[in-house]
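Novice: One structure coming up, written as C-alpha coordinates, with questions to follow.
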Amino acid sequence: MTALPRFDTDFTRAQFPAFAEPSLQGQAFFENAGGSYTCAQVIARLTRFYHQRKVQPYSAYEASRLGGEEMDEARSRLAAMMGIDGDELSFGPSTTANTYVLSQAFRQSLNSGDAVVVTNQDHEANSGAWRRLAEGGIEIREWQIDPETGHLDPARLADLLADGRVKLVAFPHCSNVVGEINDVASIAAMVRAAGAVSCVDGVSYAPHGLPDIPALGADIYLFSAYKTYGPHQGIMVIRRAVAEALPNQAHHFNGDVLYKRFTPAGPDHAQIAACAGMADYFEALHDHHFPAQTSRSPREKNAAVHALMREQERALSEPLLAWLSARNDLRLLGPRNAEGRAPTFALDLGRAAAPVAADLAQSGIMAGGGNFYAQRPLQAMGVDPAPGVLRLSFTHYTSEAEIAQLISALERHL
(Lines give C-alpha, C1' and ligand atoms only; values in the text may rest on other atoms or scores of the structure.)
Protein backbone atom coordinates (compact mmCIF):
# COMPACT_ATOMS: atom_id res chain seq x y z
CA MET A 1 0.00 0.00 0.00
CA THR A 2 1.11 3.57 -0.69
CA ALA A 3 2.77 5.30 2.28
CA LEU A 4 0.18 7.00 4.44
CA PRO A 5 -0.18 10.76 3.98
CA ARG A 6 -0.43 13.26 6.79
CA PHE A 7 -3.90 13.02 8.26
CA ASP A 8 -6.00 16.11 7.52
CA THR A 9 -7.94 16.71 10.73
CA ASP A 10 -9.54 19.94 9.49
CA PHE A 11 -10.94 18.28 6.37
CA THR A 12 -12.19 15.31 8.38
CA ARG A 13 -13.92 17.39 11.04
CA ALA A 14 -15.55 19.50 8.33
CA GLN A 15 -17.48 16.37 7.34
CA PHE A 16 -19.27 16.36 10.73
CA PRO A 17 -21.82 19.12 11.46
CA ALA A 18 -21.42 18.56 15.20
CA PHE A 19 -18.01 20.24 15.14
CA ALA A 20 -19.58 23.43 13.81
CA GLU A 21 -22.61 23.28 16.10
CA PRO A 22 -22.63 26.38 18.38
CA SER A 23 -24.10 24.52 21.35
CA LEU A 24 -21.19 22.06 21.31
CA GLN A 25 -18.35 24.55 21.05
CA GLY A 26 -15.68 24.13 23.72
CA GLN A 27 -16.78 20.59 24.48
CA ALA A 28 -14.58 17.64 23.57
CA PHE A 29 -16.39 14.40 22.77
CA PHE A 30 -14.91 11.34 24.49
CA GLU A 31 -17.88 8.97 24.54
CA ASN A 32 -17.61 7.77 20.96
CA ALA A 33 -17.79 4.12 22.01
CA GLY A 34 -21.40 4.80 22.97
CA GLY A 35 -22.19 6.38 19.61
CA SER A 36 -20.17 8.50 17.21
CA TYR A 37 -21.03 11.83 15.67
CA THR A 38 -22.90 11.45 12.37
CA CYS A 39 -21.26 12.54 9.15
CA ALA A 40 -22.90 15.14 6.90
CA GLN A 41 -23.31 12.63 4.08
CA VAL A 42 -25.57 10.43 6.21
CA ILE A 43 -27.59 13.39 7.47
CA ALA A 44 -28.10 14.64 3.91
CA ARG A 45 -29.32 11.26 2.70
CA LEU A 46 -31.64 10.81 5.66
CA THR A 47 -33.10 14.28 5.16
CA ARG A 48 -33.59 13.69 1.45
CA PHE A 49 -35.30 10.36 2.04
CA TYR A 50 -37.78 11.85 4.51
CA HIS A 51 -38.41 14.81 2.23
CA GLN A 52 -38.62 13.02 -1.11
CA ARG A 53 -38.76 9.22 -0.74
CA LYS A 54 -40.83 8.47 2.37
CA VAL A 55 -43.13 6.02 0.62
CA GLN A 56 -43.23 2.25 0.33
CA PRO A 57 -40.12 1.42 -1.72
CA TYR A 58 -39.67 -0.75 -4.82
CA SER A 59 -42.84 0.26 -6.64
CA ALA A 60 -42.94 1.68 -10.18
CA TYR A 61 -43.64 5.31 -9.31
CA GLU A 62 -40.62 7.59 -9.11
CA ALA A 63 -40.39 8.31 -5.39
CA SER A 64 -40.78 4.63 -4.57
CA ARG A 65 -38.29 3.49 -7.22
CA LEU A 66 -35.68 5.97 -6.03
CA GLY A 67 -36.22 5.02 -2.37
CA GLY A 68 -35.62 1.35 -3.16
CA GLU A 69 -32.55 2.19 -5.20
CA GLU A 70 -31.07 4.14 -2.30
CA MET A 71 -31.65 1.22 0.08
CA ASP A 72 -29.99 -1.15 -2.37
CA GLU A 73 -27.11 1.30 -2.83
CA ALA A 74 -26.37 1.28 0.89
CA ARG A 75 -26.20 -2.49 0.98
CA SER A 76 -24.15 -2.91 -2.19
CA ARG A 77 -21.62 -0.16 -1.48
CA LEU A 78 -20.90 -1.15 2.12
CA ALA A 79 -20.65 -4.77 1.09
CA ALA A 80 -18.17 -3.91 -1.68
CA MET A 81 -16.00 -2.04 0.81
CA MET A 82 -15.94 -5.09 3.09
CA GLY A 83 -15.22 -7.53 0.25
CA ILE A 84 -18.50 -9.46 0.32
CA ASP A 85 -21.53 -9.96 -1.90
CA GLY A 86 -24.38 -7.52 -1.38
CA ASP A 87 -26.85 -10.15 -0.21
CA GLU A 88 -24.46 -11.27 2.55
CA LEU A 89 -25.19 -8.00 4.38
CA SER A 90 -28.39 -7.46 6.38
CA PHE A 91 -29.72 -4.46 8.29
CA GLY A 92 -31.61 -4.60 11.57
CA PRO A 93 -32.68 -2.27 14.39
CA SER A 94 -29.55 -2.89 16.49
CA THR A 95 -26.73 -5.35 16.99
CA THR A 96 -28.46 -6.69 20.10
CA ALA A 97 -31.61 -7.41 18.07
CA ASN A 98 -29.63 -8.91 15.20
CA THR A 99 -27.77 -11.23 17.59
CA TYR A 100 -31.02 -12.33 19.18
CA VAL A 101 -32.48 -13.24 15.78
CA LEU A 102 -29.32 -15.18 14.96
CA SER A 103 -29.47 -17.04 18.26
CA GLN A 104 -33.02 -18.15 17.45
CA ALA A 105 -31.82 -19.50 14.11
CA PHE A 106 -29.07 -21.46 15.84
CA ARG A 107 -31.50 -22.64 18.52
CA GLN A 108 -33.45 -24.37 15.74
CA SER A 109 -30.39 -25.90 14.11
CA LEU A 110 -28.40 -27.12 17.12
CA ASN A 111 -28.97 -30.40 18.92
CA SER A 112 -28.87 -31.28 22.60
CA GLY A 113 -25.26 -31.95 23.50
CA ASP A 114 -23.86 -29.45 21.02
CA ALA A 115 -21.75 -26.69 22.55
CA VAL A 116 -21.39 -22.95 22.03
CA VAL A 117 -18.40 -20.92 23.20
CA VAL A 118 -18.87 -17.39 24.52
CA THR A 119 -16.38 -15.10 26.23
CA ASN A 120 -16.48 -13.00 29.36
CA GLN A 121 -14.77 -10.18 27.45
CA ASP A 122 -17.89 -9.34 25.44
CA HIS A 123 -20.50 -6.63 25.64
CA GLU A 124 -23.71 -8.36 26.70
CA ALA A 125 -25.10 -8.15 23.15
CA ASN A 126 -22.76 -10.92 21.96
CA SER A 127 -23.04 -12.97 25.11
CA GLY A 128 -26.50 -13.01 26.67
CA ALA A 129 -28.46 -14.26 23.67
CA TRP A 130 -26.05 -17.16 23.14
CA ARG A 131 -26.00 -18.07 26.83
CA ARG A 132 -29.79 -18.46 26.77
CA LEU A 133 -29.37 -21.42 24.42
CA ALA A 134 -28.59 -23.43 27.55
CA GLU A 135 -32.34 -23.48 28.17
CA GLY A 136 -32.66 -25.79 25.15
CA GLY A 137 -29.96 -28.21 26.24
CA ILE A 138 -27.03 -26.54 24.49
CA GLU A 139 -23.81 -26.59 26.49
CA ILE A 140 -22.34 -23.11 27.03
CA ARG A 141 -18.59 -22.95 27.43
CA GLU A 142 -16.92 -19.73 28.56
CA TRP A 143 -13.62 -18.63 27.05
CA GLN A 144 -12.31 -16.64 29.99
CA ILE A 145 -10.05 -13.62 29.99
CA ASP A 146 -6.93 -13.16 32.06
CA PRO A 147 -8.21 -11.38 35.20
CA GLU A 148 -5.23 -9.04 35.31
CA THR A 149 -4.88 -8.01 31.68
CA GLY A 150 -8.28 -8.83 30.16
CA HIS A 151 -6.50 -10.78 27.39
CA LEU A 152 -8.24 -13.65 25.56
CA ASP A 153 -5.63 -16.40 25.20
CA PRO A 154 -6.21 -18.52 22.05
CA ALA A 155 -4.64 -21.49 23.85
CA ARG A 156 -7.63 -21.54 26.18
CA LEU A 157 -9.94 -21.59 23.18
CA ALA A 158 -8.06 -24.55 21.73
CA ASP A 159 -8.85 -26.53 24.87
CA LEU A 160 -12.55 -25.67 24.57
CA LEU A 161 -12.63 -26.82 20.94
CA ALA A 162 -10.76 -30.06 21.46
CA ASP A 163 -13.66 -32.52 21.70
CA GLY A 164 -15.32 -31.42 18.43
CA ARG A 165 -18.70 -30.63 19.98
CA VAL A 166 -18.50 -26.85 19.60
CA LYS A 167 -20.68 -25.52 16.78
CA LEU A 168 -20.32 -21.75 17.33
CA VAL A 169 -17.73 -19.43 18.88
CA ALA A 170 -18.87 -15.88 19.69
CA PHE A 171 -16.15 -13.37 20.51
CA PRO A 172 -15.41 -9.65 20.10
CA HIS A 173 -13.06 -7.99 17.63
CA CYS A 174 -12.29 -5.82 20.63
CA SER A 175 -13.99 -5.30 23.97
CA ASN A 176 -15.77 -2.05 24.77
CA VAL A 177 -13.95 -1.83 28.11
CA VAL A 178 -10.73 -3.85 27.66
CA GLY A 179 -9.94 -2.28 24.28
CA GLU A 180 -7.48 -4.96 23.16
CA ILE A 181 -7.79 -5.86 19.47
CA ASN A 182 -8.18 -9.62 19.15
CA ASP A 183 -6.53 -11.45 16.26
CA VAL A 184 -9.76 -12.30 14.47
CA ALA A 185 -8.08 -13.93 11.49
CA SER A 186 -6.17 -16.50 13.54
CA ILE A 187 -9.08 -17.15 15.89
CA ALA A 188 -11.53 -17.59 13.01
CA ALA A 189 -9.10 -20.03 11.38
CA MET A 190 -8.98 -22.07 14.62
CA VAL A 191 -12.75 -22.10 14.80
CA ARG A 192 -13.11 -23.17 11.16
CA ALA A 193 -10.57 -25.97 11.61
CA ALA A 194 -12.68 -27.26 14.50
CA GLY A 195 -15.76 -27.35 12.27
CA ALA A 196 -17.50 -24.47 14.04
CA VAL A 197 -18.91 -21.08 13.02
CA SER A 198 -17.27 -17.82 14.15
CA CYS A 199 -19.49 -14.91 15.22
CA VAL A 200 -17.55 -11.68 15.73
CA ASP A 201 -18.90 -8.65 17.56
CA GLY A 202 -17.28 -5.75 15.73
CA VAL A 203 -19.27 -2.96 17.38
CA SER A 204 -16.26 -1.57 19.24
CA TYR A 205 -13.88 -2.03 16.31
CA ALA A 206 -15.71 -0.98 13.12
CA PRO A 207 -15.61 2.76 13.96
CA HIS A 208 -11.83 2.47 13.75
CA GLY A 209 -11.86 0.80 10.34
CA LEU A 210 -14.49 -1.18 8.45
CA PRO A 211 -13.50 -4.85 8.38
CA ASP A 212 -12.18 -6.72 5.35
CA ILE A 213 -14.31 -9.81 5.85
CA PRO A 214 -12.43 -12.25 3.58
CA ALA A 215 -9.14 -11.24 5.19
CA LEU A 216 -10.57 -11.84 8.66
CA GLY A 217 -12.24 -15.10 7.71
CA ALA A 218 -15.21 -14.47 10.01
CA ASP A 219 -18.44 -16.34 9.24
CA ILE A 220 -20.59 -13.71 10.95
CA TYR A 221 -19.58 -10.11 11.68
CA LEU A 222 -21.84 -7.65 13.50
CA PHE A 223 -21.52 -3.91 14.09
CA SER A 224 -23.58 -0.80 14.69
CA ALA A 225 -23.95 1.98 12.12
CA TYR A 226 -24.67 4.60 14.78
CA LYS A 227 -21.23 4.00 16.27
CA THR A 228 -19.70 4.11 12.79
CA TYR A 229 -20.78 7.64 11.75
CA GLY A 230 -24.22 6.55 10.56
CA PRO A 231 -27.86 6.17 11.65
CA HIS A 232 -29.18 3.89 14.39
CA GLN A 233 -29.04 0.56 12.57
CA GLY A 234 -27.34 -2.75 13.22
CA ILE A 235 -25.33 -4.19 10.32
CA MET A 236 -24.90 -7.93 10.07
CA VAL A 237 -22.64 -9.83 7.69
CA ILE A 238 -23.40 -13.55 7.32
CA ARG A 239 -21.33 -15.44 4.79
CA ARG A 240 -23.41 -17.29 2.24
CA ALA A 241 -22.74 -20.88 3.31
CA VAL A 242 -23.73 -20.15 6.91
CA ALA A 243 -26.76 -18.03 5.99
CA GLU A 244 -28.13 -20.68 3.65
CA ALA A 245 -27.63 -23.43 6.24
CA LEU A 246 -29.55 -21.61 8.98
CA PRO A 247 -33.36 -21.66 9.09
CA ASN A 248 -35.27 -18.66 7.80
CA GLN A 249 -36.31 -16.19 10.52
CA ALA A 250 -38.36 -13.88 8.30
CA HIS A 251 -41.73 -14.17 6.58
CA HIS A 252 -41.89 -17.47 4.72
CA PHE A 253 -42.00 -15.72 1.35
CA ASN A 254 -38.74 -13.89 2.10
CA GLY A 255 -36.81 -17.04 2.93
CA ASP A 256 -35.19 -17.33 -0.46
CA VAL A 257 -33.71 -13.80 -0.32
CA LEU A 258 -30.46 -14.05 1.62
CA TYR A 259 -30.41 -10.55 3.09
CA LYS A 260 -34.04 -10.87 4.22
CA ARG A 261 -33.76 -14.25 5.96
CA PHE A 262 -32.68 -12.71 9.27
CA THR A 263 -34.87 -9.60 9.22
CA PRO A 264 -38.17 -10.71 10.75
CA ALA A 265 -39.56 -7.18 11.12
CA GLY A 266 -40.06 -4.48 8.53
CA PRO A 267 -36.77 -2.59 8.14
CA ASP A 268 -36.35 1.14 8.67
CA HIS A 269 -36.22 2.22 5.03
CA ALA A 270 -34.90 5.72 5.64
CA GLN A 271 -32.08 4.67 7.92
CA ILE A 272 -31.00 1.88 5.59
CA ALA A 273 -30.87 4.35 2.70
CA ALA A 274 -28.92 6.79 4.86
CA CYS A 275 -26.25 4.15 5.50
CA ALA A 276 -25.01 4.83 1.96
CA GLY A 277 -23.75 8.09 3.44
CA MET A 278 -21.24 6.05 5.44
CA ALA A 279 -19.80 4.82 2.15
CA ASP A 280 -19.84 8.42 0.83
CA TYR A 281 -17.82 9.53 3.87
CA PHE A 282 -15.22 6.76 3.66
CA GLU A 283 -14.81 7.45 -0.04
CA ALA A 284 -14.46 11.21 0.53
CA LEU A 285 -11.83 10.55 3.20
CA HIS A 286 -9.96 8.30 0.81
CA ASP A 287 -10.09 10.56 -2.23
CA HIS A 288 -8.96 13.59 -0.21
CA HIS A 289 -5.96 11.81 1.26
CA PHE A 290 -5.10 9.66 -1.77
CA PRO A 291 -5.98 11.88 -4.77
CA ALA A 292 -3.77 9.88 -7.13
CA GLN A 293 -5.55 6.61 -6.29
CA THR A 294 -9.20 7.51 -6.80
CA SER A 295 -9.63 4.64 -9.27
CA ARG A 296 -9.04 2.03 -6.58
CA SER A 297 -11.77 -0.53 -5.94
CA PRO A 298 -14.10 0.02 -2.97
CA ARG A 299 -12.30 -2.70 -1.05
CA GLU A 300 -8.91 -1.13 -1.75
CA LYS A 301 -10.20 2.28 -0.70
CA ASN A 302 -11.55 0.80 2.50
CA ALA A 303 -8.19 -0.79 3.29
CA ALA A 304 -6.40 2.53 2.80
CA VAL A 305 -8.90 4.46 4.94
CA HIS A 306 -8.70 1.75 7.60
CA ALA A 307 -4.93 2.16 7.79
CA LEU A 308 -5.24 5.95 7.81
CA MET A 309 -7.70 5.89 10.70
CA ARG A 310 -5.68 3.45 12.77
CA GLU A 311 -2.44 5.39 12.34
CA GLN A 312 -4.11 8.65 13.37
CA GLU A 313 -5.70 7.01 16.40
CA ARG A 314 -2.36 5.48 17.40
CA ALA A 315 -0.72 8.90 17.31
CA LEU A 316 -3.54 10.44 19.35
CA SER A 317 -3.46 7.60 21.89
CA GLU A 318 0.20 7.83 22.77
CA PRO A 319 0.15 11.02 24.89
CA LEU A 320 -2.96 9.87 26.75
CA LEU A 321 -1.45 6.44 27.40
CA ALA A 322 1.76 8.05 28.63
CA TRP A 323 -0.19 10.23 31.06
CA LEU A 324 -2.33 7.34 32.31
CA SER A 325 0.66 5.04 32.73
CA ALA A 326 2.35 7.59 34.97
CA ARG A 327 -0.56 7.56 37.44
CA ASN A 328 -0.63 5.20 40.40
CA ASP A 329 -4.13 6.17 41.53
CA LEU A 330 -6.05 4.42 38.75
CA ARG A 331 -6.07 1.18 36.81
CA LEU A 332 -6.24 1.24 33.03
CA LEU A 333 -7.96 -1.88 31.75
CA GLY A 334 -6.31 -3.61 28.81
CA PRO A 335 -3.05 -2.97 26.95
CA ARG A 336 -0.85 0.02 27.62
CA ASN A 337 0.48 0.16 24.06
CA ALA A 338 -1.34 2.03 21.32
CA GLU A 339 -0.60 -0.57 18.64
CA GLY A 340 -2.59 -3.35 20.23
CA ARG A 341 -5.75 -1.56 21.21
CA ALA A 342 -8.60 0.61 20.04
CA PRO A 343 -8.79 4.15 21.51
CA THR A 344 -11.29 3.12 24.18
CA PHE A 345 -9.86 3.53 27.66
CA ALA A 346 -11.70 2.22 30.73
CA LEU A 347 -10.32 3.47 34.04
CA ASP A 348 -10.97 1.80 37.39
CA LEU A 349 -10.78 4.71 39.82
CA GLY A 350 -11.57 2.76 42.96
CA ARG A 351 -14.68 4.86 43.41
CA ALA A 352 -17.91 5.68 41.59
CA ALA A 353 -17.11 6.78 38.05
CA ALA A 354 -20.32 8.64 37.16
CA PRO A 355 -19.64 11.60 39.52
CA VAL A 356 -16.16 11.96 38.01
CA ALA A 357 -17.69 12.05 34.54
CA ALA A 358 -20.03 14.78 35.80
CA ASP A 359 -17.04 16.74 37.10
CA LEU A 360 -15.26 16.39 33.76
CA ALA A 361 -18.33 17.83 32.04
CA GLN A 362 -17.65 21.08 33.90
CA SER A 363 -14.35 21.20 32.02
CA GLY A 364 -15.96 20.55 28.66
CA ILE A 365 -15.24 16.82 28.53
CA MET A 366 -18.09 14.60 27.36
CA ALA A 367 -17.43 11.16 28.84
CA GLY A 368 -19.32 8.46 30.72
CA GLY A 369 -19.11 6.43 33.89
CA GLY A 370 -20.76 3.06 34.50
CA ASN A 371 -20.58 -0.57 33.40
CA PHE A 372 -21.44 0.00 29.69
CA TYR A 373 -23.30 -3.34 29.37
CA ALA A 374 -19.97 -5.03 30.11
CA GLN A 375 -20.64 -6.37 33.57
CA ARG A 376 -19.06 -9.74 32.82
CA PRO A 377 -15.61 -8.48 31.79
CA LEU A 378 -15.56 -5.96 34.61
CA GLN A 379 -16.39 -8.63 37.19
CA ALA A 380 -13.84 -10.99 35.66
CA MET A 381 -11.18 -8.32 36.14
CA GLY A 382 -12.20 -7.64 39.74
CA VAL A 383 -14.02 -4.37 39.04
CA ASP A 384 -17.35 -3.81 40.76
CA PRO A 385 -19.87 -2.90 38.01
CA ALA A 386 -21.85 -0.71 40.43
CA PRO A 387 -19.26 2.08 40.74
CA GLY A 388 -18.08 1.02 37.29
CA VAL A 389 -15.35 2.63 35.25
CA LEU A 390 -14.68 6.00 33.68
CA ARG A 391 -14.59 5.40 29.93
CA LEU A 392 -12.79 7.74 27.55
CA SER A 393 -13.19 6.89 23.87
CA PHE A 394 -12.35 8.70 20.67
CA THR A 395 -11.89 8.15 16.94
CA HIS A 396 -9.80 9.47 14.07
CA TYR A 397 -11.72 12.78 14.01
CA THR A 398 -10.57 13.74 17.50
CA SER A 399 -8.00 16.55 17.52
CA GLU A 400 -4.68 16.88 19.30
CA ALA A 401 -6.10 19.92 21.09
CA GLU A 402 -8.95 17.81 22.45
CA ILE A 403 -6.51 15.21 23.76
CA ALA A 404 -4.65 18.01 25.55
CA GLN A 405 -7.95 19.35 26.89
CA LEU A 406 -8.80 15.88 28.22
CA ILE A 407 -5.47 15.43 29.97
CA SER A 408 -5.73 18.88 31.55
CA ALA A 409 -9.24 18.09 32.79
CA LEU A 410 -8.16 14.74 34.19
CA GLU A 411 -5.36 16.44 36.10
CA ARG A 412 -7.91 18.72 37.73
CA HIS A 413 -10.60 16.19 38.53
CA LEU A 414 -8.87 12.91 39.37
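The values are calculated or read from the model by the stated rules, or taken from the named source; none is laboratory data. Predicted, not measured: the structure shown is a model, and the values here were computed from it. Using ideal geometry, Cβ is built from the backbone for each residue, glycine included, and neighbour counts are taken over all protein chains shown. Quick note on the areas: whole protein, heavy atoms, side chains included, nothing else; ligands and nucleic acids left out. Shrake-Rupley method; radii C 1.70, N 1.55, O 1.52, S 1.80 Å.
Novice: Placing one identical point scatterer on every Cα of the range 256-386 and ignoring solvent, what is log10 I(q)/I(0) from the Debye formula at q = 0.16, 0.18, 0.19, 0.20 Å⁻¹?
Specialist: -1.04, -1.07, -1.09, -1.12
Novice: Follow-up. For the chain, what is the Kirkwood hydrodynamic radius in Å, using each pair of distinct C-alpha atoms?
Specialist: Working: mean 1/r = 0.0454 Å⁻¹.
The answer is 22.0 Å.
Novice: Further question on the same structure: Among DSSP beta bridges whose residues both lie in the range 131-269, state the antiparallel percentage, nearest 5. Could you put the intermediate results ahead of the total?
Specialist: Numbers: 6 of 14 bridges.
About 45 percent, rounded to the nearest 5.
Novice: Also, quick follow-up: What residue among 14, 353, 367 has the largest mean-square fluctuation in a Gaussian network model of the chain, using Cα springs under 10 Å?
Specialist: 14
Novice: Same structure, new question: Taking a probe of 1.4 Å, how large is the accessible area per residue of the range 236-276, in Å²? Spell out each step's value before the answer.
Specialist: Values: 1790 Å² over 41 residues.
That works out to 44 Å² for each residue.
Novice: So what is the calculated 222 nm ellipticity per residue for the chain, using -39500 (n - 2.57) for each DSSP H run with n of 4 or more, over all residues, to the nearest 500 deg cm²/dmol?
Specialist: On the way: 15 runs with 158 residues, N = 414.
Per the formula, -11500 deg cm²/dmol.
Novice: Right, next: Over the chain, what relative contact order in percent results from Cα pairs under 8 Å that are six or more residues apart? Let's see the in-between values first.
Specialist: Values: 823 pairs, mean separation 97.0, N = 414.
Reported relative contact order: 23 percent.
Novice: How large is the translational diffusion coefficient of the range 158-228 in µm² per second when you combine the Kirkwood radius over alpha carbon pairs with Stokes-Einstein at 25 °C and 0.890 mPa s? Can you show the working numbers first?
Specialist: Values: Rh = 12.5 Å.
My calculation gives 197 µm²/s for D.
Novice: Report, by chain and number, residues whose modeled amide H sits under 5 Å from the one on residue 114, excluding near sequence neighbours (fewer than 5 apart, same chain).
Specialist: Here 139 satisfy the definition.
Novice: Give or take rounding to whole Å, what are the principal axis extents of the alpha carbon atoms in the range 350-408, in descending order?
Specialist: Principal-axis extents of the Cα atoms in the range 350-408, largest first: 35, 24, 15 Å.
Novice: Here is a further query. Mind listing the long-range amide H neighbours of residue 233? Cut-off is under 5 Å, sequence gap 5 or more, other chains count too, H placed in the peptide plane at 1.01 Å from N.
Specialist: 225, 226
Novice: In what sequence, highest mean first, do 70-77, 226-233 appear when ranked by Cβ atoms within 10 angstrom?
Specialist: 226-233, 70-77
Novice: In whole Hz, what ³J(HN,Hα) sequence does the range 403-414 give by Karplus (6.51, -1.76, 1.60; θ = phi - 60°), x for Gly and Pro?
Specialist: Once θ is set to phi - 60°, the couplings for the range 403-414 become 4, 5, 4, 5, 4, 4, 5, 4, 4, 7, 10, 8 Hz.
Novice: I would also like to ask the following. When the accessible area of the range 155-296 is computed with all protein chains present and a 1.4 Å probe, what percentage of it is carbon and sulfur? Let's see the in-between values first.
Specialist: Details: 2390 of 4570 Å².
Accessible surface attributable to carbon and sulfur in the range 155-296 totals 52 percent.
Novice: How much of the accessible area of the range 1-90, in percent, comes from carbon and sulfur atoms when a 1.4 Å probe is used? Write down the numbers at each step before the final one.
Specialist: On the way: 2310 of 4450 Å².
Carbon and sulfur atoms account for 52 percent of the accessible area of the range 1-90.
Novice: Per-residue HN-Hα couplings for the range 108-117, Karplus 6.51 cos²θ - 1.76 cosθ + 1.60 at θ = phi - 60°, whole Hz, x for Gly and Pro?
Specialist: Per residue, the Karplus-derived 3J(HN,Hα) values read 6, 9, 8, 10, 4, x, 5, 10, 10, 9 Hz.
Novice: If amide hydrogens are placed 1.01 Å from N in the peptide plane, which non-local residues have theirs closer than 5 Å to the one on residue 28?
Specialist: Placed amide hydrogens put 365, 366 under 5 Å from residue 28.
Novice: In whole Å, what is the distance between the alpha-carbon centres of the range 156-199 and the range 332-377?
Specialist: 26 Å
Novice: Report, to two decimal places, the Cα Rg of the range 192-317 normalised by 2.2 N^0.38 Å (N = number of residues). Intermediate values should be presented prior to the final figure.
Specialist: Numbers: Rg = 16.4 Å, N = 126, 2.2 N^0.38 = 13.8 Å.
This ratio for the range 192-317 stands at 1.19.
Novice: Tell me, what does the Kirkwood hydrodynamic radius of the range 22-171 come to in angstroms if you use every pair of distinct C-alpha atoms? Walk me through the intermediate numbers first.
Specialist: Numbers: mean 1/r = 0.0519 Å⁻¹.
Result for the range 22-171 stands at 19.3 Å.
Novice: Pick from 171, 282, 11 the residue whose mean-square fluctuation is largest in a GNM of the chain, springs joining Cα atoms under 10 Å.
Specialist: In this elastic network of the chain, the residue with the biggest mean-square fluctuation among 171, 282, 11 is 11.
Novice: Rolling a 1.4 angstrom probe over the protein chains, ignoring ligands and nucleic acids, what is the accessible area of residue 54 in square angstrom, nearest 10?
Specialist: Accessible area of residue 54: about 120 Å².
Novice: Using the Karplus curve 6.51 cos²θ - 1.76 cosθ + 1.60 with θ = phi - 60°, work out ³J(HN,Hα) for each residue of the range 334-339 in order, rounded to whole Hz, and write x for Gly and Pro.
Specialist: Result, rounded to whole Hz: x, x, 9, 10, 5, 5.
Novice: Determine, for each peptide in 372-380, 357-365, the mean count of other beta carbons within 10 angstrom over its residues, then list the peptides with the highest first.
Specialist: On the way: 372-380: 22.6, 357-365: 17.0.
Going by the mean number of other Cβ atoms within 10 Å, highest first, we get 372-380, 357-365.
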